[in-house]
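So the structure is just underneath, and the comments pick up after that.
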Amino acid sequence: MAASQLGVVVTDAPAHAARPYSAADRYRSRQKLRQPQRRGVRWAAATAATLMFVFLCWYVWFWPADTGRDEVSGEQGIPAAVSVDVANVTPAVADKPSGDREQDRALNRLLSDLTSQDAQVCQQAISGLLQFPVPDSRRSEVTNHVEKVLESGNPTTRQKVLPLLARWHAKKTVKVLVKVIENSRDREMRKTGIRALGSIGSSESCTALAALMDGAPTQELASLGRALRVAGSLAEDVVGQLLQHTRETVRIEACDVLRQIGGTRSIRRLSDVAQQDTSSNVRKAASHAMERIKNASGR
């Protein structure tokens with residue numbers, strides 16, 4: 001039977017076009033509108049979780065590394081486990097500025113590396129301590145650690161530690177350096193010790209350098225003289241006393257040192273030597289030194 005006979009109107013439009021807009025369609029439309037917002041919320045949540053994870057990793061990795069090295073075992077230099085009770089922290093530590101606490105931790109790490117059996121690690125610690133600020137409160141502690149390095153079997157390490165000993169010098173440092181110089185047969189080791197002794201620049205170190213001239217070989221007198229020059233006017237009186245030394249080479253070296261560091265108070269001593277010394281070489285050196293001081297002072 002033909003469709004026209006049944007009263008049915010046939011069109012070319014799709015069948016779903018005539019379907020009404022249902023409640024399900026409205027729900028799907030709202031879900032599509034909300035989808036970008038949900039994605040934004042999920043992205044923010046994921047970002048926050050990632051940042052929290054990074055912060056926890058930093059806290060676990062770095063914070064214990066600092067606090068765990070505040071105490072170091074004496075012989076092996078192995079960081080000891082440290083647990084801090086905030087309620088029982090002493091006022092001296094609690095009142096320290098954060099910069100000082102960081103400096104203490106950095107110094108502890110260098111001292112730990114200084115006791116390492118690895119020569120390279122030890123020498124790197126020496127280089128670090130040579131650049132590190134010197135707090136007076138820790139001079140003795142660092143000096144004790146540095147002295148132990150002098151017992152190292154590595155000659156390069158022993159030589160490199162001498163300037164460090166002078167930089168962190170304490171009361172006994174001059175005696176330690178003099179002992180190293182007197183007991184060492186290595187020429188470079190002795191020269192390094194002499195330079196370190198001169199860099200201290202104290203009356204005690206100047207007296208020690210002058211005393212070393214008594215038994216020093218002739219080729220080492222120049223090194224001792226340079227060390228006394230570094231001390232400057234502080235060494236003037238000690239060097240002036242060397243003008244009466246029994247060794248001619250020592251008296252000549254004393255004249256040369258005074259020519260560089262001497263002041264007007266050395267003129268009379270040099271004048272006496274220039275007129276009375278039994279050696280013509282010494283008299284000539286004294287005259288040159290006296291003229292140099294007079295010219296410098298304008299007399």
* Structure fact -> Sorted largest first, the C-alpha extents of the range 201-299 along its principal axes in whole angstrom are 32, 28, 17
* Filter the GluC sites (Glu not before Pro) in the range 129-216 down to the DSSP loop ones having no more than 16 other Cβ atoms within 10 Å, then list what survives. => GLU151
* Which of the peptides 45-53, 161-169, 227-235, 276-284 is most tightly packed, and how do the rest follow, judged by the mean count of other Cβ atoms within 10 Å per residue? -> 161-169, 227-235, 276-284, 45-53
* Among residues other than PRO135 whose Cβ falls under 9 Å from its Cβ, what is the net charge (Lys/Arg +1, Asp/Glu -1)? -> -1
* To do: Please tell me which of these pairs span more than 28 angstrom C-alpha to C-alpha: LYS171/LYS191; LYS148/LYS171; LYS179/LYS284?
  => LYS179/LYS284
* Structure fact -> A correct fewest-to-most ranking of LEU224, LEU212 by other Cβ atoms within 10 Å would be LEU212, LEU224
* Structure fact -> Proxy exposure order for HIS145, HIS288 (fewest C-beta within 10 Å first) is HIS288, HIS145
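Here, each number is a calculation from the coordinates, and none is a lab measurement. Computed from a predicted model, the values in this text were never measured in an experiment. Positions of Cβ are generated from backbone atoms using ideal geometry, with glycine treated the same way; all protein chains shown enter the neighbour counts.
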